[in-house]
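The next block holds one structure in the form of structure tokens; read it before the comments.
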Amino acid sequence: MKRLWRLFPALPALMLSGCTVDLLQPDGPIGEGNRDMMVLEFAIMMCVVVPTCIATLFFAWKYRASNTKAEYRPNWSHSNAVEVFIWGMPIAIIAVLSGFNYWSTHYYDPYRSLPKDMLVREHAENTKPLTIEVVAIDWKWLFIYPEQGIATINELDVPTKTPLNLHITSDSVMTSFFIPQLGSQIYSMAGMETQLHLLARNPGVLRGEAAQYSGPGFSDMKFKTIALPQEQFQSWVENVRNGSSQFASHEPLNLQTYPKYAKPPVVRESVAPTPSPVIYFGEAQSDLFQHIIAKYNNGMVRSINNGKIMRMDMHAASNGAASSSDTGM
Amino acid sequence: MLGKLTLSSIPYDVPILVGTFIGVAVIGIAVLAAITYFRKWGYLWREWLTTVDHKKLGVMYIVLAIVMLLRGFADAFMMRTQLALSYAGNPGYLPPHHYDQVFSAHGTIMIFFMAMAFMTGLFNFVIPLQIGARDVAFPFLNSVSFYMTLVGAVLINVSLFIGEFSNVGWLGYPPISELQFNPGVGVDYYIWAVQISGVGTLLTGVNFFTTIVKMRAPGMKWMQMPVFTWTSFYAIVMILLTFPVLTVTIALLSLDRYLGMHFFTNDGGGSVMLYLNLIWSWGHPEVYILILPAFGVFSEIAATFSGKPLFGYKTMVYASGVITLLGCLVWVHHFFTMGAGADVNTFFGIMTMFIAVPTGVKIFNWLFTMYKGRVRFEGPMNWIVGFMITFSIGGMTGVMMAMPAADWVLHNSLFLVAHFHNVIIGGVFFGYIAGMNYWFPKVFGYKLRDSWGKWAFRCWFVGFYLSFIPLYIVGLEGMTRRLNHYDNPNWHPWLLVACVGVFVLAVGVACQVGQLICAIIDAVHQKRDALDATGDNWGSGRTLEWSIPSPVPHYNFARLPTVRGLDTFHIEKELGRPTPVESLKPIHMPKYSVLGPVIGVFTFLFGFAMVWHIWWMAIIGLLGVFAAMVIRSADLDIDFYVPVEEVRADEEAFAKRISAAQAAE
């Protein structure tokens, strides 16, 4: 038992060994940026916090009442030198941090396409970005790949070393789209589109989650993010298209079938709602995302082509959906 | 007839709630029986419930805060034990339906009914004594404010046994708090509990603003006000600026829920972003409202127990002013992840970082107050050393999250939860408890036992780190807040450590309860060495409240003091007390009033009826409040004079006690 106690100080290290600390071991340049800012701030702030804590304990010990040898100046309460120091030093530190703040907020802005120099560093400057439309539903995630014409639920497959342009909305309450190891999260809100730009560097499976409480099914509103090398991603897309996967849905995703998948699970008071399974759709209506946003805005949506507000033509869309469902069967 | 209220609204099939109800009922009946047995009903009614005396109201506020602390802590205990269990397929013992109410109630109770009530209690007791006033500007209003806060607290606790409480967090973010997603009464309980107590807080703000501006003792200039009064004054200014915003925001949410409007709904032109901006432009100043008075408490205590004046009084006043100003300019840092432009995020990020400057200055001020002093580690002083270390760490993590690029991954994580508990427990809670230990002898005339207080501090200090350092770590491992269960093996060991921490904290809470029970025992036995004979219990008090007897006579000051500078009482001790030139005069005081509790009862009827849509009862409640206000306005018999003989007898007894104490030394 005594020997075990000797290990006690090393306990935190033991508990961390073999684990991934997601935010400190990111898998992409955005996550690295988040981490670098965090670590930088921590390092700079520690330069003040540690001496302050030591000084607190030291002064408390040195000037304890029983230590009559220590100097006692019962009326000393002002010193210009000390005042200059205690105002000047924090201002200097915060001024430096503010510089980093300005730079990093602009450089890593989630709305900004990944900066050129970052892409060069990631050897992705000539790769065409992949657009993914994300819809938060109670309590699952829908991912639409408009360029590929496919969609998935609760699994996000992405090619590595490729800029990811994510457009995010919600078809229910507000929540937040977050893949800790890729970095920055952004809210999903109904009737609105938010944007996020990420990049996965290495192949692997990453955890994705809803980061804003959204109701009883919130704890299971998770998704797997699978980063695949370019070629493997292409063959995955083919697999989804031809419906050969075990997760394949037998029907396409369009305005007619969507409500069935968007319906929240039954909520009972005594248990958590059942988590949603992974589903692949070999065919997805290309403007479904715009329809989901337009639903909350009297049929209006901002065009992705020219940024102008336009009306989603419900009638035409439902016709198109009907025809595509014919071919899908 | 009873609106939405039916028998099935009572959760008699949930074992935990039934158990809690039985527990509460047994304790309640025991208390009522004890009051009846000792024939204290008349005393309680005449001396306490109908009082307009700021000191008694202060005590009642703090009693309410402590009871609510126990409730809020029970919620915290359930959350930590749930998360220690609910790993890898084990659902734990709280399904989301209950768990979500538990974390919502925990936040709402701890902020509105623990911290705010505690703070208002300290305002009530301390401010008039520190500025040499005999009461607050509007004593009856003060009683009404208390009952508003009490009604809010009662509503929130009633929701435990009748219906349900909100399940959407302590700020009730829409659209999930809208009728579409939340048709039950939980959010309505939240709305009316917050709304009613918010009115109480706003009235308190008006009252104390007027008191500090108009009722300072003759000669007390602004820059001679004690620091606690100063920081409280800033907090009160913020209350006046921001609580109306809260009232309006919650009112808009209730219009959505009650009248089908669309301020914050998904459709119909509603905007959740509007709610987030509104609620946080109250919510962020709110945390500075809570922390500034705590800074004041630390300043008083640091000076008293170091045997020195506070280092940099002026700096402290200006720094508090800067915090007040900046505190109103940082609210967007609560949602850097909402998609605002980079310039907006940068502005609010840098503003947030700059709050660290005046706050850091304050830490150094307390540090240099100890420097070259004679620091005595009696009860209150322990909390301040613990505070300075804990708060420095909490401040550091706060600055980390002020950088949007870092916040985009830390937002909504348990890192954030750990951060704000770090500053609220380490700052606000430590401060208020230190304040309670510090002023307790002034309130009741006898001390709290130091040994219990020290053990409480040790448990809180150690328990805090055990509970919250693991949360920082799982936050870095990507764990978000408000999860009910999880299957990540990396998180589990840390959540077990946090669970051990909450047990240590429970021992700390038990020590505090024990300390209060011992104080009652000491009082009943009239224990000699617990008595505060001189009124200057710590021997080194510097401000006016230590110049008068403990417990304080109901008129506070026999003669209004004349202020001769900062730390008047200290100056008087150094230079000798001036012999009073003017003779005692009858003292004009307000009469107690039954209308405070009457308004409270009708307000409760109104709130409860609104929750359950019992419209006739809501109308009765409103009419009752209105009638009470009319009666009060027409009542001219609201004051009386304290006869000179009574004051003189008190003064002579006090003089005797002081000379006896001096002879004993």
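The values are calculated or read from the model by the stated rules, or taken from the named source; none is laboratory data. Not measured: the values here are computed from a predicted model. Here the Cβ positions follow ideal geometry from the backbone for every residue, glycine too, while neighbour counts run over all protein chains shown. Surface areas here come from the heavy atoms of the whole protein model, side chains and all, with no ligands, DNA or RNA. Shrake-Rupley method; radii C 1.70, N 1.55, O 1.52, S 1.80 Å.
Among the listed pairs B:447/B:591; B:362/B:591; B:214/B:314; B:314/B:591, give every one whose C-alpha distance is greater than 32 Å. Don't skip to the end; give the middle numbers.
Values: B:447/B:591 30 Å; B:362/B:591 41 Å; B:214/B:314 22 Å; B:314/B:591 39 Å.
The pairs that break the limit, which is 32 Å between Cα atoms, are B:362/B:591; B:314/B:591.
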Selection from B:341, B:554, B:288 lying farthest towards where the dipole of chain B points positive, charges on Cβ: B:554
Summed side-chain charge close to residue A:146 - residues other than residue A:146 whose Cβ falls under 11 Å, Lys, Arg +1, Asp, Glu -1: -3
Label zone at residue B:14 (point 7 Å along Cα-to-Cβ), backbone N below 16 Å, the range B:474-513: B:484
Point-charge dipole on Cβ atoms (K/R +1, D/E -1) for the protein assembly as shown, about Cα centre, debye to 20: 2960 debye
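How much length would be gained if the chain were fully extended between residue B:629 and residue B:314, taking 0.36 nm per residue of separation minus their Cα-Cα distance, in nm to one decimal? Walk me through the numbers before you get to the answer.
Details: separation 315, 0.36 × 315 = 113.40 nm, distance 4.24 nm.
Extra length available between residue B:629 and residue B:314 comes to 109.2 nm.
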Residues along the range A:162-177 losing 10 Å² or more of accessible surface when the other protein chains are present rather than the chain by itself (probe 1.4 Å): A:172, A:173, A:174
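Which order do A:85, B:161, B:444 take by accessible area at a 1.4 Å probe, largest first?
The ordering from most to least exposed comes out as A:85, B:444, B:161.
May I ask you to list the GluC sites (Glu not before Pro) in the range B:506-582 that are in a DSSP loop and have at most 11 other Cβ atoms within 10 Å of their Cβ? Could the numbers behind the result be given before it?
Details: sites: B:545, B:572, B:574, B:582; in loops: B:582.
The qualifying sites are B:582.
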Helical segments meeting 27 Å axial Cα length and Kyte-Doolittle -1.0 threshold in chain A (DSSP H): A:29-62, A:80-107
Three-way shape call for the range B:519-561 based on the alpha-carbon gyration tensor, with the a/c threshold at 1.5: oblate
Charge dipole (chain B, unit charges on Cβ, about Cα centre) - positive-most of B:592, B:299, B:31: B:299
Residue A:46 accessible area, assembled protein chains, probe 1.4 Å, Å²: 60 Å²
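Compute the accessible area per residue over the range B:107-171, keeping the other protein chains in place, probe 1.4 Å, unit Å².
15 Å²
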Computed log₁₀ I(q)/I(0) - Debye formula, equal Cα scatterers, no solvent, chain B, q 0.07, 0.08, 0.10 Å⁻¹: -0.46, -0.61, -0.97
Those trypsin sites (Lys or Arg not before Pro) in the range A:44-90 that DSSP places in a loop and that have at most 11 other beta carbons within 10 Å: A:69
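So what's the convex hull volume per residue for the Cα atoms of chain A, in Å³?
Values: hull volume 85.5 nm³, N = 329.
Dividing the Cα hull volume of chain A by its residue count gives 260 Å³.
Loop-only check: which trypsin sites (Lys or Arg not before Pro) in the range B:512-555 are DSSP coil with at most 13 other Cβ within 10 angstrom? Walk me through the intermediate numbers first.
On the way: sites: B:527, B:528, B:542; in loops: B:527, B:542.
Here no loop site has a sparse enough neighbourhood.
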Mean ellipticity per residue at 222 nm, deg cm²/dmol - from DSSP H runs of n ≥ 4 across chain B, formula -39500 (n - 2.57): -22500 deg cm²/dmol
Rounded tilt (10° steps) of B:342-370 against the dominant C-alpha axis of chain B: 30 degrees
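Residue A:276: net charge of surrounding residues, Cβ under 15 Å, Lys/Arg +1, Asp/Glu -1, itself excluded?
Details: positive: A:140, A:222, A:224, A:260, A:263; negative: A:138, A:155, A:171, A:209, A:220.
Local charge sum for residue A:276: 0.
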Antiparallel %, DSSP beta bridges [both residues in the range A:146-284], to 5: 70 percent
Accessible surface buried upon A-B contact (total; probe 1.4 Å; Å², nearest 100): 8200 Å²
Apportionment of accessible area to carbon and sulfur, chain B, percent (1.4 Å): 72 percent
Buried on assembly, the range B:301-333 (at least 30 Å² less accessible surface than by itself, 1.4 Å probe): B:307, B:308, B:309, B:311, B:315
Net dipole in debye of the range A:92-155 [+1 Lys, Arg Cβ; -1 Asp, Glu Cβ; about Cα centre; nearest 20]: 160 debye
Angle between chain B longest axis and helix B:379-402 axis [Cα atoms, degrees, rounded to 10]: 40 degrees
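In debye to the nearest 20, how big a dipole does chain B give about its Cα centre with +1 on each Lys and Arg Cβ and -1 on each Asp and Glu Cβ?
Values: 39 positive and 37 negative charges, 290 e Å.
So the magnitude is around 1400 debye.
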Acute angle (nearest 10 degrees) that the helix B:450-476 long axis makes with the longest principal axis of chain B, alpha-carbon atoms: 30 degrees
Rough spin-label spacing in nm, given labels placed 7 Å along Cα→Cβ, for residue B:454 and residue B:70: 2.7 nm
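At 222 nm, what helix-only mean residue ellipticity would chain A give, in deg cm²/dmol to the nearest 500, using -39500 (n - 2.57) for each DSSP H run of four or more? The partial results should precede the final answer.
Numbers: 9 runs with 118 residues, N = 329.
Taking each H run of at least 4 residues, the total per residue is -11500 deg cm²/dmol.
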Residue pairs, from the table A:295/B:4; B:442/B:585; B:40/B:454, whose Cα atoms sit over 29 Å apart: A:295/B:4; B:40/B:454
Farthest toward positive dipole pole in the range A:38-170 [+1 Lys/Arg, -1 Asp/Glu at C-beta], among A:77, A:144, A:160: A:77
